[in-house]
Amino acid sequence: MAMSTAPASPARPPGSSGPSGAPAAPVWPASAREAPGGGLAVGGVPLAEIADRFGTPVYVMDEDEVRARARAWRTALPGADVAYAGKAFLSRSMIRWIEEEGLCLDVCSAGELELAAHSGFPAERIVLHGNAKSPQDVRAALRLGVGRIVIDGTGEIARLAALVPPGARQRVLLRVVPGVSAGAHAAVRTGVEGQKFGVPVAGGEAEEAVERLLGQPRLELAGLHCHLGSQIAGLGPYVTAVRRIVPLLARVRDRHGVTFPELDLGGGFAIAYREGDPAVDPRTYAERIGSELALQCDRFGLPRPRLTVEPGRWIAGPAGVALYRVLSVKTTGGRTFAAVDGGMSDNPRPALYGVRYTVRPAGRTSAAPGRTMTVVGRHCEAGDVLAEDVELPGDLRPGDVLAVPASGAYHLSMASAYNLVGRPPVAAVSGGRARLLVRRETLDDLRSRDVGE
Ligand SMILES: Cc1ncc(COP(=O)(O)O)c(C=O)c1O
């Protein structure tokens, strides 16, 4: 069996449905094809060529896939704002693609905000988040004129209002917690009480925060926000959130005579990391959540607020492919380990959340029978695992290039320089051409920060 030539997922537009009507969940970018000489090509460029040209590890971003995914949300929700969650992956080019596709941008630090602003992203289309915004974050937001600041707790209200210059008004949203448990791991479940984000709807805390916000003349409360968590495959949690938030909007209207023009339901839309994993379909989301919102608003006699969604992973994740070179293949304790030249420093997600990935050879054809292997990194931890128990060609050897799909989100943005291994570069592919977006972090970069004796 020629393991390395197993076809990539069939090319399908993102957000389309499979023949069964179930949400399609391609793990490779739609442009993925078998390369002419063996291996895989993405965006018309053989991945082996990218590995040779930029070195490994290297992250490949398929520009057309990012744009198609951004467009899928815009098309599904034409009357809504789609704010790309920049924490998933941010670079100057990514910011430009997102801007050109007409999206808004969600940032959560002065760093992300300054990068966006200096890349020419319109500040009024930026939303600033954060459960603990530093004075620097807030000052940058006010100086640059971000469209919305999301208030995460009652204590933040007076502090922010005090920083808004006299005569000005800052548009804000209030992040509420609807008491909905959703998300692939406890670390990313933010819709329930007892975690650090937001103000609970239950118990009246959110209503109290609304009252305080309405009493601040320098803050303009435009609506409520919630973000339930990440890698949420079903729509049920979003429906429940709407059913809990709209009655709160009605209570605010009854008590204060105020109806909010906006409602931000956050992101968290699941993608496939392995073949067959479920993924959210933006059109199904738009139909289901749009009709639930209409239903609940009609029920309480409220006008429908303008919706905002904040997909991060869904846009960046499947557009990215990580390439590594095999450094050693070793069988020990009855298991075979393929060790590569990256690992938990560029992808901490398996160690943090127990995420399972798929992997395939990217550079050559092999007729060798398949063998179960675990792909591990080069770092000093036994938990430095990239892909557990995956089928790879039995003749896999040092020098081979391996490709890990669904690597575009929360890899590089969460990367470290553990063991002083510099962070990998990012190359964009489109129309048969590859270009460098972010260069590799060098030893000199790392050394230059070390200024002590
Ligand atoms: C407030 C907020 N919005 C959106 C997102 C994006 O989530 P995802 O990338 O899972 O869509 C996050 C992720 O942490 C978030 O905290």
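The values are calculated or read from the model by the stated rules, or taken from the named source; none is laboratory data. Just so we're clear, the structure is a prediction, and the values are computed from it rather than from any experiment. We place every Cβ from the backbone using ideal geometry, glycine too, and count neighbours over all the protein chains shown. Accessible surface areas use protein heavy atoms only, side chains included; no ligands, DNA or RNA. Shrake-Rupley method; radii C 1.70, N 1.55, O 1.52, S 1.80 Å.
The amide H of residue 39, built 1.01 Å from its N in the peptide plane, has 364, 365 as neighbours under 5 Å, considering only residues 5 or more places off or on other chains. Express in % the proportion of alpha carbon pairs of the chain at distances exceeding 42 Å. Everything past 42 Å amounts to 19 percent. When only Cα pairs below 8 angstrom with a gap of at least 6 residues are kept, the chain shows a relative contact order of 21 percent. Taking the inverse of the mean 1/r over every pair of distinct Cα atoms in the stretch 64-316 gives a Kirkwood hydrodynamic radius of 18.2 Å. Taken along its three principal axes, the alpha carbon spread of the stretch 161-211 comes to 44, 22, 13 Å, from the longest extent down to the shortest. The order of the peptides 379-387, 227-235 by mean Cβ neighbours within 10 Å, most packed first, is 227-235, 379-387.
Quick one, can you get me the convex hull of the C-alpha atoms of the stretch 178-289 expressed as volume per residue in Å³? Display every interim value, and only then the final one.
Values: hull volume 12.6 nm³, N = 112.
Measuring per residue, one finds 112 Å³ for the Cα hull of the stretch 178-289.
If you take the Cα centroid of the stretch 64-129 and the Cα centroid of the stretch 370-430, the two points sit 27 Å apart. In the chain, the portion of solvent-accessible area held by carbon and sulfur atoms comes to 51 percent [1.4 Å probe, whole percent, DNA, RNA and ligands not counted]. Amide hydrogen proximity for residue 386: with H placed 1.01 Å from N in the peptide plane, the residues at 5 or more positions away or on another chain lying under 5 Å are 375, 376, 377.
Annotation: amide H-H contacts under 5 Å for residue 45 (H modelled 1.01 Å from N, sequence separation of 5 or more, or interchain): 432. Of the peptides 135-146, 173-184, the ranking by mean beta-carbon count within 10 Å, highest at the top, reads 173-184, 135-146. Excluding same-chain neighbours fewer than eight residues apart, the lysines reachable from residue 133 by a Cα-Cα span under 18 Å are 87, 196. Considering only 302, 249, 282, and ranking their Cα positions along the charge dipole of the stretch 244-374 that arises from unit charges at the beta-carbon of Lys, Arg, Asp and Glu, the one farthest toward the positive end is 282.
Would you calculate, for the chain, the mean residue ellipticity at 222 nm contributed by helices, counting each DSSP H stretch of 4 or more residues as -39,500 (n - 2.57) and dividing by all residues, to the nearest 500? Write down the numbers at each step before the final one.
Numbers: 12 runs with 123 residues, N = 453.
Helix-only estimate at 222 nm: -8000 deg cm²/dmol.
Given the C-alpha centroids of the stretch 294-313 and the stretch 167-196, what is the distance between them in whole angstrom? Cα centroid of the stretch 294-313 versus Cα centroid of the stretch 167-196: 16 Å apart.
Hey, can you find the accessible area per residue of the chain for me, probe 1.4 Å, expressed in square angstrom? Don't skip to the answer; put the middle values down first.
On the way: 18110 Å² over 453 residues.
Normalised by residue count, the accessible surface of the chain is 40 Å².
With a cut-off of 13 Å on the backbone N, the residues of the stretch 361-375 near the modelled label site 7 Å out from residue 335 along Cα-Cβ are 372-375. For the peptides 397-405, 203-211, the ranking by mean Cβ contacts within 10 Å, running from highest to lowest, is 397-405, 203-211.
Does the stretch 68-195 come out rounded, prolate or oblate, given a ≥ b ≥ c as the square roots of the eigenvalues of its C-alpha gyration tensor, rounded meaning a/c under 1.5 and, failing that, prolate meaning a/b above b/c? List each step's numbers first, then the result.
On the way: a/c = 1.71, a/b = 1.07, b/c = 1.60.
Because a/c hits 1.5 or more and a/b fails to exceed b/c, the stretch 68-195 counts as oblate.
The Kirkwood radius of the stretch 188-236, taken over pairs of alpha-carbon atoms, gives through the Stokes-Einstein law at 4 °C and 1.567 mPa s a diffusion coefficient of 103 µm² s⁻¹.
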